[in-house]
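*Asks:* Let me give you the structure first, and then I'll get to my questions.
The values are calculated or read from the model by the stated rules, or taken from the named source; none is laboratory data. Note that the coordinates shown come from a computational prediction; the quantities given were computed from them, not determined experimentally. Cβ placement follows ideal geometry from the backbone for every residue including glycine, while neighbour counts extend to all protein chains displayed.
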Amino acid sequence: MTQATTTVRDGGRDQDFLAPAARLRGAGIGGLEELTDLQRSERLARMRNGDLGSIHSWELVTAVDGPGTRMTVFLNGCPLRCLYCHNPDTFLMKDGEPVEASELLRRMRRYRGVFRASKGGITLSGGEVLMQPAFAGKLLAGAKKMGIHTCIDTSGFLGANASDEMLDDIDLVLLDVKSGDEETYKKVTGRSLAPTITFGDRLAAKGIEIWARFVLVPDLTDDPENVHNVARIIERWGSVSRVEVLPFHQMGTDKWDALGLRYQLRDTRPPEPELVESTRAIFRSYGFEVH
Ligand code: SF4
């Protein structure tokens, strides 16, 4: 996910939902140690076939994570290590809560009226949704069957994990292009840019709508040349209907500290409004609708 997706959430958090494994909270996933070998292998098999997933949380939001009111589910596990990540507690799959796909689908069914009225739907975010392709696939297929608009928020790094069948169940992809050249991308995420481009090419070829997202961080991603490079990448994809420039905010510091991880952007300030505007202007100059 992008760091800024958690910055403004208009929708209230629905507290009455208790994922099955949340009842085990306290033991958490550490409880796995207490399972017998048979129970453990059964659980792993259920995770592999997608009946069971590992999630951080979910919430109802409006005007973020896609159109309308959305149920956004944050899946645990991410192969990237973005310096600006707001959710380092989603880095590892084992830190999430096991939850049944059927339980989440039941919840989605209950919100169908809200989704219909607001032209919203579901968004699978994270962490990285494509770390758990079987689980994500079940949620997307189930939602689609109920006529719900579906969206994933992804870096595209694990795009190869998305089968064509899964893509058929996706209406919109929020695709984070975290930088425009390999060197900066590596500095920002610790990983390679190429898989994101490959995934975007694939989405565009299938005509799947893309909202491209770029997090603007002073002294890290704000070089106009980097922004132009991002715009040139996005320009290849004919199915991009908007570009979102997300200004960096200091939101995740406490989480990095709590996890004992080194947060390198402690002294970085949010971009000035002029920088946000000039960056948006670069994307606009390529003909994009920019937010
Ligand atoms: S490290 Fe993963 S979860 Fe965090 S911002 Fe990057 S892609 Fe998103």
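*Asks:* With the structure loaded, tell me whether Ile55 is under 13 Å from the mean Cα position of the chain (by Cα), more than 30 Å from Lys187 (Cα to Cα) and of a type in the set (Val, Ile, Thr) or whether it fails that test. Working first, answer last.
*Replies:* On the way: under 13 Å from the mean Cα position of the chain (by Cα): yes; more than 30 Å from Lys187 (Cα to Cα): no; of a type in the set (Val, Ile, Thr): yes.
So Ile55 does not fit the description; no.
*Asks:* If you check Gly156, Gly137, Gly142, Gly147, which single one turns out to be touching a helix residue (DSSP H, G or I) at 6+ places or on another chain (Cβ under 9 Å), within 16 Å of the ligand (Cβ to nearest atom) and either in contact (Cβ under 8 Å) with a residue 12 or more places away in the chain or assigned to a helix (DSSP H, G or I) (or both)?
*Replies:* Testing whether each residue is touching a helix residue (DSSP H, G or I) at 6+ places or on another chain (Cβ under 9 Å), within 16 Å of the ligand (Cβ to nearest atom) and either in contact (Cβ under 8 Å) with a residue 12 or more places away in the chain or assigned to a helix (DSSP H, G or I) (or both) leaves just Gly156.
*Asks:* Among the residues of the range 111-126, are any out of contact with any Leu (no Cβ under 8 Å at 6 or more places or on another chain), surrounded by 24 or more Cβ atoms within 10 Å (Cβ to Cβ) and in contact (Cβ under 8 Å) with a residue 12 or more places away in the chain? Before the answer, list the steps.
*Replies:* The first filter runs over the range 111-126 and keeps only residues out of contact with any Leu (no Cβ under 8 Å at 6 or more places or on another chain), leaving 112-113, 115-121.
After this cut, where a residue has to be surrounded by 24 or more Cβ atoms within 10 Å (Cβ to Cβ) as well, the list is 120-121.
Applying the additional criterion that residues be in contact (Cβ under 8 Å) with a residue 12 or more places away in the chain yields 120-121.
There is at least one residue in the range 111-126 that is out of contact with any Leu (no Cβ under 8 Å at 6 or more places or on another chain), surrounded by 24 or more Cβ atoms within 10 Å (Cβ to Cβ) and in contact (Cβ under 8 Å) with a residue 12 or more places away in the chain.
*Asks:* Can you find even one residue in the range 238-248 that is part of a loop (DSSP other than H, G, I, E, B) and in contact (Cβ under 8 Å) with a residue 60 or more places away in the chain?
*Replies:* Yes - at least one qualifying residue is present in the range 238-248.
*Asks:* Where residues in the range 193-226 are under 17 Å from the mean Cα position of the chain (by Cα) and farther than 22 Å from Arg280 by Cα, which of them is surrounded by the fewest Cβ atoms within 10 Å (Cβ to Cβ)?
*Replies:* Among those residues, the one meeting the criterion is Pro195.
*Asks:* Let me ask something else. On the given criteria, is Glu103 within 16 Å of the ligand (Cβ to nearest atom), surrounded by fewer than 23 Cβ atoms within 10 Å (Cβ to Cβ) and either touching a residue at least 40 places away in the same chain (Cβ under 8 Å) or not in a strand (DSSP E or B) (or both)? Quick ask: steps written out before the conclusion?
*Replies:* Numbers: within 16 Å of the ligand (Cβ to nearest atom): no; surrounded by fewer than 23 Cβ atoms within 10 Å (Cβ to Cβ): yes; either touching a residue at least 40 places away in the same chain (Cβ under 8 Å) or not in a strand (DSSP E or B) (or both): yes.
Considered against the rule, which asks whether it is within 16 Å of the ligand (Cβ to nearest atom), surrounded by fewer than 23 Cβ atoms within 10 Å (Cβ to Cβ) and either touching a residue at least 40 places away in the same chain (Cβ under 8 Å) or not in a strand (DSSP E or B) (or both), Glu103 comes out as no.
*Asks:* For Pro79, work out the one condition from (1) within 26 Å of Lys187 (Cα to Cα); (2) assigned to a helix (DSSP H, G or I); (3) out of contact with any helix residue (DSSP H, G or I) (no Cβ under 6 Å at 6 or more places or on another chain) it doesn't fulfil.
*Replies:* (2)
*Asks:* Continuing with this model, one more query. So which of Thr123, Thr90 ends up being hydroxyl-bearing (Ser, Thr, Tyr), under 12 Å from the mean Cα position of the chain (by Cα), within 11 Å of the ligand (Cβ to nearest atom) and closer than 22 Å to Phe248 by Cβ? Write out each step before concluding.
*Replies:* Working: Thr123 fails: within 11 Å of the ligand (Cβ to nearest atom).
That would be Thr90, the only listed residue that is hydroxyl-bearing (Ser, Thr, Tyr), under 12 Å from the mean Cα position of the chain (by Cα), within 11 Å of the ligand (Cβ to nearest atom) and closer than 22 Å to Phe248 by Cβ.
*Asks:* Do the conditions hold for Ser102, that is, is it under 20 Å from Glu42 (Cα atoms), over 15 Å from the mean Cα position of the chain (by Cα) and of a type in the set (Ser, Thr, Tyr)?
*Replies:* It is true that Ser102 is under 20 Å from Glu42 (Cα atoms), over 15 Å from the mean Cα position of the chain (by Cα) and of a type in the set (Ser, Thr, Tyr).
*Asks:* For the range 91-100, what are the residues that are assigned to a loop (DSSP other than H, G, I, E, B) and in contact (Cβ under 8 Å) with a residue 24 or more places away in the chain?
*Replies:* Here is the first cut: in the range 91-100, the residues assigned to a loop (DSSP other than H, G, I, E, B) are 91-92, 96.
Matches in the range 91-100: Phe91, Gly96.
*Asks:* Another question, if that's okay. Please enumerate the residues belonging to the range 249-268 that are over 19 Å from the mean Cα position of the chain (by Cα), assigned to a loop (DSSP other than H, G, I, E, B) and of a type outside the set (Gly, Ala, Ser).
*Replies:* Those that are over 19 Å from the mean Cα position of the chain (by Cα), assigned to a loop (DSSP other than H, G, I, E, B) and of a type outside the set (Gly, Ala, Ser): Leu259, Leu261, Arg262, Tyr263, Gln264, Leu265, Arg266, Asp267, Thr268.
*Asks:* Still on this structure: Could you list, in sequence order, all residues of the range 160-186 that are in a helix (DSSP H, G or I), touching a residue at least 24 places away in the same chain (Cβ under 8 Å) and within 13 Å of the ligand (Cβ to nearest atom)?
*Replies:* If the condition is that a residue be in a helix (DSSP H, G or I), touching a residue at least 24 places away in the same chain (Cβ under 8 Å) and within 13 Å of the ligand (Cβ to nearest atom), then no residue fits.
*Asks:* Moving on to the next point. Test Pro67 against the stated conditions and say whether it is within 16 Å of the ligand (Cβ to nearest atom), surrounded by fewer than 20 Cβ atoms within 10 Å (Cβ to Cβ) and modelled with pLDDT of 85 or more.
*Replies:* On the way: within 16 Å of the ligand (Cβ to nearest atom): no; surrounded by fewer than 20 Cβ atoms within 10 Å (Cβ to Cβ): yes; modelled with pLDDT of 85 or more: yes.
No, not satisfied.
*Asks:* Out of everything in the range 198-237 that is within 16 Å of the ligand (Cβ to nearest atom) and part of a helix (DSSP H, G or I), what residue ends up being nearest to Gln250 (Cα to Cα)? Even if it seems obvious, please write down each step before you answer.
*Replies:* Let us first name the residues in the range 198-237 that are within 16 Å of the ligand (Cβ to nearest atom), namely 199-200, 211-217, 220-221, 230.
From what's left, part of a helix (DSSP H, G or I): 199-200, 230.
Numbers: Phe199: 29, Gly200: 29, Val230: 23 Å.
Selected residue: Val230.
*Asks:* Tally up the residues in the range 21-58 that are at pLDDT 95 or above, of a type outside the set (Ser, Thr, Tyr) and in contact with a Gly (Cβ under 9 Å, 6 or more places away or on another chain), please.
*Replies:* 4
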